[in-house]
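Enquirer: Before anything else, here's the structure in question.
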Amino acid sequence: MKYVDVHIHLSNAIYHDRIEAILRESEDAQVVSIVSSAEDYQTSLETLRISQKYPARIYAAIGIHPNNTQLLTESELDKTIQLIEENRLNIVAIGEIGLDRRIPETEIDENQISILNVLLQAAENLGLPVIIHSRGAASEVLEILPSYNISKVMLHWYSGSLDLIPKIIGRGYSLSVGPSILYAKYLQDIVIKVPLEKILTETDGPVSYRGPFKGRLTSPSFIPEIVNFVHDITRKDLEEISTQIFRNFTEFFSLDLDA
Ligand SMILES: [Zn+2]
């Protein structure tokens, strides 16, 4: 069995002295590959540094999280785009980017929208996949994406309307599921509707979780529990699920790894 964590934030300070330990426990849990996403310019630099220290184990996605757009200066945006361009071959995706409507029924901040557009344009120009955050803003994100010629789109921790699933699948986008699927019925209903070929697994650490994960520092070693749960609810063979998710991972990020 081989597992993957396609979305975690290893540049977060909480992991600072723990990367080696995290990698050891991931290895013990058969989690062989990790994609670490940045959230701003500084964490993009740090994510690149970590991924270069642990090649073929930690891959980098760099970008600007929608919650960090408010204080972002123009020069930071320019520097981030430049960093992405210069590191085209050192990164596997642009992420985490997207839109976030923290308070329901409010307008999405225009700044978030314009920064997302700049980052999507970079992804199109460079032919890179995107890791998308869409909390409370799934329909807005789905409206913006077709303006760009980007074939690899991953909606991380998708928690939008079930009604949008056919549109998402129809466009060939992927969804990543995380620890909360073990206790959030709504997310279980979503995963059942998505073909296995479009499912990826993530932890989004250091986000903390309830259920069996309560009180534990979020780590890629949670992944086998997530895959086991997908097995329980989909009734598909466990080995088939993990093999398919690994294949989804290598295809999505265009990685040439042994199956
Ligand atoms: Zn995240």
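The values are calculated or read from the model by the stated rules, or taken from the named source; none is laboratory data. Everything numeric here is computed off the predicted structure, so don't read it as measured data. Cβ atoms come from the backbone with ideal geometry, glycine included; neighbour counts cover every protein chain shown. Surface accessibility is based on the protein's heavy atoms, side chains included, excluding ligands, DNA and RNA. Shrake-Rupley method; radii C 1.70, N 1.55, O 1.52, S 1.80 Å.
Enquirer: Just the residues that are open to solvent by less than 10 Å² (accessible area, probe 1.4 Å) and more than 21 Å from Ala93 (Cβ to Cβ), please, taken from segment 228-259.
Expert: Within segment 228-259, Val230, Ile241, Ser242 qualify.
Enquirer: Determine which member of the set Gln121, Gln112, Gln82 is buried (at least 23 other Cβ atoms within 10 Å of the Cβ) and of a type in the set (S, T, N, Q).
Expert: Exactly one of Gln121, Gln112, Gln82 is buried (at least 23 other Cβ atoms within 10 Å of the Cβ) and of a type in the set (S, T, N, Q), namely Gln112.
Enquirer: Any idea which of Ile22, Ile34 is within 25 Å of Ile81 (Cα to Cα), open to solvent by less than 10 Å² (accessible area, probe 1.4 Å) and hydrophobic (A, V, I, L, M, F, W, C)?
Expert: Testing whether each residue is within 25 Å of Ile81 (Cα to Cα), open to solvent by less than 10 Å² (accessible area, probe 1.4 Å) and hydrophobic (A, V, I, L, M, F, W, C) leaves just Ile34.
Enquirer: Output the residues belonging to segment 225-241 that are touching a residue at least 40 places away in the same chain (Cβ under 8 Å) and under 20 Å from Asp189 (Cα atoms).
Expert: Passing the criteria: Glu225, Ile226, Val227, Phe229, Val230, Ile233, Thr234, Lys236, Leu238, Ile241.
Enquirer: Quickly run through segment 205-216 and pick out the residues that are open to solvent by 60 Å² or more (accessible area, probe 1.4 Å) and of a type outside the set (Gly, Ala, Ser).
Expert: Within segment 205-216, Arg210, Pro212, Lys214, Arg216 qualify.
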